[in-house]
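Since the structure comes first, as structure tokens, the remarks are kept for the end.
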Amino acid sequence: MKYWITIVLFVVITFPVISQQYRSELPYRLVGGKMIVEMKLNGTLRSFIFDTGASRTMLTEEVCRELGVIVADSLPVTDANGHKAFYPLVWIDEIQTPDNTFRFKNVAAMKMPEPSPLECFSVDGLIGCDLLKQLILVIDGKKKIVTMTTAEKEAMISFRKMVNFVQSGMPIISILTASGNNLVCLFDTGYSEFLSLRESDFEMLESGSAFEFLSEGCTVGSISVGGVAATRVSRRVNFPLLLIGGTKFRNVISETSTPPYTLLGMKLLDYGKVTLDYSRARFYFEAYKPEYDCTGKTHDLGLQVKDGDLMVAAVWGAMKDVVEMGDKVIKINGKPAGKYDFCESMLNGIPELKAKKKSKLTIQTRQGEKVIVY
């Protein structure tokens, strides 16, 4: 614990003049549901995933070799899928914003395993909260810009739209459910959906009226720094009401998983701007409307590419009596299924399935071929 504190103190932001408030705009693009930004690493512009759910900045094995950095120690990490592992720790001389306004000196970064679990996104690592602790961030999902400022002045936003961090240094906040229960969430831009409910929070709220249970299923988890999560049982629920920074969200559907916290993901940026005042431990949500109805369709079948084949990767409700995890799609709309690249499918989907709103899939199961509508 002492060593961790020492590391945090070594991450220093330098500016030409201390008295002036500094500001930098960091455009981002969405790639496969991830926020990708450009930052300078030791003077060279590189791509990173911008991840408010990561406690620490991370680099790929490849870029560490290129820079010739030396492993100094190792630290434990628990990723969004609940994977726990020790990662080597390396030191970086400097990380800068592209306009050179912000310079982060002596940065301690984690080295990811090889092959990189993030290789599909063509990035050199991810930017975590350790670089942001002295700053105020405004994330604008419409403009796709992260605005970074020093924290001499408070954000000029109504306190009615503000929620305090549960703990300093990470945007972990408490939101309110219809039953009056508080649900502790991590605002995680590394998670591409709206809400992922932690298993233990599901169990805590199950006896109340916070949500409506919809169905149970089996699914493969998302990609995180520890890789793809193993097959697991998941529950699907509907929250009739969630209150986030004074904004009402009705009929929010969520599935359970095993992250360290319930995750409030990047889809929140579809509904308003998020401001993170790390120095004062404050979260602000400026909604475009005072209330949203998030009612939407759910799917009882999920697919994923494995070894070039299109496989069943999630089954829900009645579909569990039709197909099983690992069953193979052999035809799409009567034509033989092709061979697919895993990364291409993640980033751009399966072309044959994007061509129509509904597709007929012929699936090879243990009981023989079955045709379903996807």
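The values are calculated or read from the model by the stated rules, or taken from the named source; none is laboratory data. Quantities reported herein were computed from a predicted structural model and do not represent experimental measurements. Glycine gets a Cβ as well: all are built from the backbone with ideal geometry, and neighbour counts include every protein chain shown. Heavy atoms of the whole protein, side chains included, go into the accessibility calculation; ligands, DNA and RNA do not. Shrake-Rupley method; radii C 1.70, N 1.55, O 1.52, S 1.80 Å.
Yes or no, residue by residue, for (1) in the same structural domain as residue 35 (by the TED database); (2) assigned to a strand (DSSP E or B); (3) within 30 Å of residue 270 (Cα to Cα):
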{"position": "305", "(1), (2), (3)": "no, yes, yes"}
{"position": "313", "(1), (2), (3)": "no, yes, yes"}
{"position": "320", "(1), (2), (3)": "no, no, no"}
{"position": "325", "(1), (2), (3)": "no, no, no"}
{"position": "331", "(1), (2), (3)": "no, yes, no"}
{"position": "338", "(1), (2), (3)": "no, no, no"}
{"position": "347", "(1), (2), (3)": "no, no, yes"}
{"position": "352", "(1), (2), (3)": "no, no, yes"}
{"position": "361", "(1), (2), (3)": "no, yes, no"}
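Let me confirm something: among 93, 140, which residue is of a type in the set (D, E, K, R), touching a residue at least 24 places away in the same chain (Cβ under 8 Å) and open to solvent by less than 40 Å² (accessible area, probe 1.4 Å)?
On the way: 93 fails: open to solvent by less than 40 Å² (accessible area, probe 1.4 Å).
Checking each option against the conditions leaves just 140.
Of the strands (runs of 3 or more DSSP E) entirely within the range 17-64, those holding at least 2 residues that are among the charged types (D, E, K, R) and touching a strand residue (DSSP E or B) at 6+ places or on another chain (Cβ under 7 Å) occupy 23-31, 34-41.
Does residue 159 qualify as being aromatic (Phe, Trp, Tyr), at pLDDT 95 or above and surrounded by fewer than 21 Cβ atoms within 10 Å (Cβ to Cβ)?
Considered against the rule, which asks whether it is aromatic (Phe, Trp, Tyr), at pLDDT 95 or above and surrounded by fewer than 21 Cβ atoms within 10 Å (Cβ to Cβ), residue 159 comes out as no.
Does the range 64-83 include one or more residues that are modelled with pLDDT of 90 or more, under 23 Å from the mean Cα position of the chain (by Cα) and not basic (Lys, Arg)? Scanning the range 64-83 turns up no residue that is modelled with pLDDT of 90 or more, under 23 Å from the mean Cα position of the chain (by Cα) and not basic (Lys, Arg).
The condition (being in contact with a Cys (Cβ under 8 Å, 6 or more places away or on another chain) and open to solvent by 20 Å² or more (accessible area, probe 1.4 Å)) is satisfied by just one residue among 193, 119, 203, 114: 119. Scanning the range 144-165 finds no residues that are touching a Ser or Thr at 6+ places or on another chain (Cβ under 7 Å), closer than 30 Å to residue 321 by Cβ and in contact (Cβ under 8 Å) with a residue 24 or more places away in the chain.
Checking each residue in the range 342-373 for being open to solvent by 40 Å² or more (accessible area, probe 1.4 Å), under 21 Å from residue 231 (Cα atoms) and within 26 Å of the chain's Cα centre (by Cα) picks out 342, 346.
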